[in-house]
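**Student:** Sending over a structure as structure tokens; questions will come in a sec.
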Amino acid sequence: MKVIAEALQILTHALEKAASIPYARRQAEEILCDVLSCDRLSLYINSRHPLKSEEWANCQAYLARRLKGEPLAYIKGTIEFYNCLIHVNPSVLIPRQETEILVDKIVHILSKEDLRGKTLWDVCCGSGCIGIALKKRFPLLQVVLADQSKEALELASYNANENKEDVVCLQGDLLTPFQGQKTHFFVCNPPYISEQEFEQLDPDVREFEPKLALLGGVSGIEFYERLAKELPVYLHPHSKVWFEIGYNQGEAVQALFKSPPWKNQHLENDWAGHNRFFFLENE
């Protein structure tokens, strides 16, 4: 019978032997925490606590899937994102820390706005993490989630329900679900990986996360090219727009929005100092 400390050592060693898996001990801790429904501190406080045979079997099942490259978030099925618990599966991208930074920047801006009767669209929503987090933070805001993928939108709707947030979900390619409508706030984290970059992605991303949500086209900026042309008619005057972009796409994306009706364009950095977000308004 394994105790927690021994199980943690075995899992860590197995993950360390797989050279492509970083932060082996932290991932071993996450496996044990999920199986035991506890936090990391409890693992060490109760390090001599024996595991039930079923619990150890579940740990080994987790480990087998992780050693095949499957991301831990998909194995667990959930991830914490900006005070929300977001369910994930291979039909959606796993929410990244960079996207939490984007939400935090948007929260700072919206905190200064009168949101009564205002609408925000989260387009290419995937799991719905951005729109749901903003709806939770600003209950007065009317939030619409949209995605081309039926499976992604079904999961986004489920996530909204699980987080007890009332949002609208629309399926369709980019702006097509919004014909004849306008919004006050627009946020989009579209596919922005180029074909060349896609081939160089880590295997756990390239082989497990949805290509539809990653690949932005040959150059990677195709979705921004479309939005620069198509988005203006969907915006109320003086609307605010936020994009997540690739770390090396700042200048190229900014150039697409340099002419009227766009104004107040500026790039924002992630914690690594890369251009990762593009904010702008319309006239």
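**Student:** So residue 234 passes all but one of these: (1) of a type outside the set (Lys, Arg); (2) out of contact with any strand residue (DSSP E or B) (no Cβ under 6 Å at 6 or more places or on another chain); (3) closer than 30 Å to residue 18 by Cβ. Which condition number does it fail?
**Tutor:** Against the list (1) of a type outside the set (Lys, Arg); (2) out of contact with any strand residue (DSSP E or B) (no Cβ under 6 Å at 6 or more places or on another chain); (3) closer than 30 Å to residue 18 by Cβ, residue 234 comes up short only on (3).
**Student:** Return yes or no: is residue 64 among the small types (Gly, Ala, Ser), assigned to a helix (DSSP H, G or I) and open to solvent by less than 40 Å² (accessible area, probe 1.4 Å)? Reasoning before the result, please.
**Tutor:** Numbers: among the small types (Gly, Ala, Ser): yes; assigned to a helix (DSSP H, G or I): yes; open to solvent by less than 40 Å² (accessible area, probe 1.4 Å): no.
For residue 64, the condition - among the small types (Gly, Ala, Ser), assigned to a helix (DSSP H, G or I) and open to solvent by less than 40 Å² (accessible area, probe 1.4 Å) - is not met.
**Student:** Something else now. Testing residue 204 on (1) open to solvent by less than 40 Å² (accessible area, probe 1.4 Å); (2) at pLDDT below 95, one condition comes back false. Which one is that?
**Tutor:** Condition (1) is where residue 204 drops out.
**Student:** Now a separate question. Take the conditions part of a helix (DSSP H, G or I) and in contact with a helix residue (DSSP H, G or I) (Cβ under 6 Å, 6 or more places away or on another chain) and apply them to residue 156. Does it pass? Show your work before the answer.
**Tutor:** Details: part of a helix (DSSP H, G or I): yes; in contact with a helix residue (DSSP H, G or I) (Cβ under 6 Å, 6 or more places away or on another chain): no.
No.
**Student:** In the set 25, 48, which member is over 15 Å from residue 75 (Cα atoms), in a loop (DSSP other than H, G, I, E, B) and open to solvent by 60 Å² or more (accessible area, probe 1.4 Å)?
**Tutor:** Details: 25 fails: in a loop (DSSP other than H, G, I, E, B).
Selected residue: 48, the only one of 25, 48 that is over 15 Å from residue 75 (Cα atoms), in a loop (DSSP other than H, G, I, E, B) and open to solvent by 60 Å² or more (accessible area, probe 1.4 Å).
**Student:** Collect the residues in segment 81-96 that are of a type in the set (A, V, I, L, M, F, W, C), assigned to a strand (DSSP E or B) and in contact (Cβ under 8 Å) with a residue 60 or more places away in the chain, keeping them in residue-number order.
**Tutor:** First, pick out the residues of segment 81-96 that are of a type in the set (A, V, I, L, M, F, W, C): 81, 84-86, 88, 92-94.
Then drop every residue that is not assigned to a strand (DSSP E or B), which leaves 81, 84-86.
The answer is 84, 85, 86.
**Student:** Looking at segment 1-14, which of the residues that are at pLDDT 95 or above and either surrounded by 15 or more Cβ atoms within 10 Å (Cβ to Cβ) or among the aromatic types (Phe, Trp, Tyr) (or both) is farthest from the chain's Cα centre (by Cα)?
**Tutor:** If we take residues in segment 1-14 being at pLDDT 95 or above and either surrounded by 15 or more Cβ atoms within 10 Å (Cβ to Cβ) or among the aromatic types (Phe, Trp, Tyr) (or both), then 6 is farthest from the chain's Cα centre (by Cα).
**Student:** Mind checking which pairs have a first residue in segment 169-186 that is surrounded by fewer than 19 Cβ atoms within 10 Å (Cβ to Cβ) and a second that is modelled with pLDDT of 95 or more and among the charged types (D, E, K, R), Cβ under 7 Å, 6 or more apart or different chains?
**Tutor:** 171/147; 171/150; 174/226
**Student:** Among the residues of segment 3-59, how many are touching a helix residue (DSSP H, G or I) at 6+ places or on another chain (Cβ under 9 Å) and on the phi > 0 side of the Ramachandran plot?
**Tutor:** Here the count works out to 1.
**Student:** Still on this structure: Specify the residue that is farthest from residue 243 (Cα to Cα); the eligible residues are those in segment 195-207 that are out of contact with any helix residue (DSSP H, G or I) (no Cβ under 8 Å at 6 or more places or on another chain) and free of Cβ contacts under 8 Å to residues at least 40 places away in the same chain. Talk me through it step by step, then tell me what you get.
**Tutor:** So the first thing to find is which residues in segment 195-207 are out of contact with any helix residue (DSSP H, G or I) (no Cβ under 8 Å at 6 or more places or on another chain), and the list is 195-197, 200, 202-204, 207.
Among the residues that remain, those that are also free of Cβ contacts under 8 Å to residues at least 40 places away in the same chain are: 195-196, 200.
Values: 195: 20, 196: 22, 200: 23 Å.
For segment 195-207, the residue satisfying everything is 200.
**Student:** Still on this structure: Residue pairs, Cβ under 6 Å, 6 or more apart or interchain, first in segment 61-80 and closer than 17 Å to residue 162 by Cα, second open to solvent by 20 Å² or more (accessible area, probe 1.4 Å) and of a type in the set (Asp, Glu). List them.
**Tutor:** Listed by first residue and then by second, the contacts come to 76/34.
**Student:** Still on this model: Restricting the search to segment 134-153, which residues are closer than 17 Å to residue 185 by Cα, in a helix (DSSP H, G or I) and more than 15 Å from the chain's Cα centre (by Cα)? Even if it seems obvious, please write down each step before you answer.
**Tutor:** Within segment 134-153, the subset closer than 17 Å to residue 185 by Cα is 134-147.
Still in the list and also in a helix (DSSP H, G or I): 134-137.
Once the filter is applied, which keeps residues that are closer than 17 Å to residue 185 by Cα, in a helix (DSSP H, G or I) and more than 15 Å from the chain's Cα centre (by Cα), segment 134-153 yields 135, 136, 137.
**Student:** Further question: All but one of (1) part of a loop (DSSP other than H, G, I, E, B); (2) farther than 20 Å from residue 16 by Cα hold for residue 42; which doesn't?
**Tutor:** (1)
**Student:** Mind listing whichever residues of segment 155-167 are over 24 Å from residue 105 (Cβ atoms) and either within 16 Å of the chain's Cα centre (by Cα) or surrounded by 14 or more Cβ atoms within 10 Å (Cβ to Cβ) (or both)?
**Tutor:** 155, 157, 158, 162
**Student:** Do you know which of the residues in segment 28-40 that are surrounded by 14 or more Cβ atoms within 10 Å (Cβ to Cβ) and without any contact (Cβ under 8 Å) to a residue 40 or more places away in the chain is farthest from residue 67 (Cα to Cα)? Write out each step before concluding.
**Tutor:** Let us first name the residues in segment 28-40 that are surrounded by 14 or more Cβ atoms within 10 Å (Cβ to Cβ), namely 28-36, 38.
Of the ones still in play, those that are also without any contact (Cβ under 8 Å) to a residue 40 or more places away in the chain are 28-29, 32-33, 35-36, 38.
Details: 28: 12, 29: 15, 32: 15, 33: 18, 35: 17, 36: 20, 38: 23 Å.
That would be 38.
**Student:** Looking at segment 242-268 only, could you name the residues that are in a strand (DSSP E or B) and touching a helix residue (DSSP H, G or I) at 6+ places or on another chain (Cβ under 9 Å)?
**Tutor:** Of the residues in segment 242-268, the ones in a strand (DSSP E or B) are 242-244, 262-268.
Once the filter is applied, which keeps residues that are in a strand (DSSP E or B) and touching a helix residue (DSSP H, G or I) at 6+ places or on another chain (Cβ under 9 Å), segment 242-268 yields 242, 243, 244, 262, 265, 266, 267, 268.
**Student:** Mind listing whichever residues of segment 67-77 are in contact with a helix residue (DSSP H, G or I) (Cβ under 9 Å, 6 or more places away or on another chain) and either within 14 Å of residue 4 (Cβ to Cβ) or in a helix (DSSP H, G or I) (or both)?
**Tutor:** 67, 72, 74, 75, 76
The values are calculated or read from the model by the stated rules, or taken from the named source; none is laboratory data. Quick caveat: nothing in here was measured; it's all calculated off a predicted structure. In this analysis, Cβ positions are derived from the backbone assuming ideal geometry, glycine residues included, and neighbour counts consider all displayed protein chains. Remember, those area values only see protein heavy atoms, side chains included, never the ligands or the DNA or RNA. Shrake-Rupley method; radii C 1.70, N 1.55, O 1.52, S 1.80 Å.
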